[in-house]
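A short reminder: the numbers here are calculations on the coordinates, not readings from a lab. Source: prediction; values computed, not measured. Using ideal geometry, Cβ is built from the backbone for each residue, glycine included, and neighbour counts are taken over all protein chains shown.
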Amino acid sequence: MSNEQKRYIGIDVAGSKRDQVIAVLNRKNRRMTVEDIRFRRIRKRKDAALLAGEIWRDYGKRAVIAIDSPRRLSPGPKCGRQCEREIKKEGLANPQWSPTRTEIGEARYEWMRVGFDLFRAFDSYYGRNVIEVFPTASYKVLKDPGIRVDLPFSHITKKNGQDVLDAVCAAITAYYWDNGSSRSFGEGDKHGEIIVPGE
């Protein structure tokens, strides 16, 4: 399957009180085009399943999914997952540590609960083609001057601008991962890996 046929889908997770932003990119030659931006409210687990089913109906197995949220819980309190510690140690970002099983019910982790639901839903369709990303770290390492992204400004408002950009960055990271040009933090750790663009 050629890259022109694939879709790279980035999801910026915002919790149940705000819309998640879903950016759909395709690529032809050295230009990536944002062909769709969707906004979906995820209030319950079934909403995540409905979104995953919608993407599957629209793109089938031609999609690679990148979600801007932790995939798994932290193994211990106040230490985060290995991938988060490695991102911080490298100076790429200062991630919020993933919660433990006893902490996940706290209100401040509500957006991560939505992220867990999204991973569960998309994993059932796409399996290994679902990756965890962290756009804050990706912004620091994106250095390819040849990549161009067409993004219609009609999708960006003062309220959602950063969320849209993060979803687009997540989709770009999915492209790099799919083409073997990425780095994995926490690789081999059972608590998850964070993917960023790389050499």
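Rounded to the nearest 5, the antiparallel percentage of DSSP beta bridges internal to the chain is 60%.
Partners of LYS61 within straight-line reach, counting lysines whose Cα lies under 16 Å from its Cα and excluding those fewer than 8 residues away in the same chain: LYS6. Each Lys and Arg adds +1 at its Cβ and each Asp and Glu adds -1 at its Cβ; summed about the Cα centre, the chain shows a dipole of about 340 debye. Listed by chain and number, the lysines placed with their C-alpha closer than 17 angstrom to that of LYS46 are LYS17; residues fewer than eight positions away on the same chain are left out. For LYS89, a cut-off of 22 angstrom between C-alpha atoms picks up these lysines, skipping any fewer than 8 places away in its own chain: LYS78, LYS140, LYS143, LYS190.
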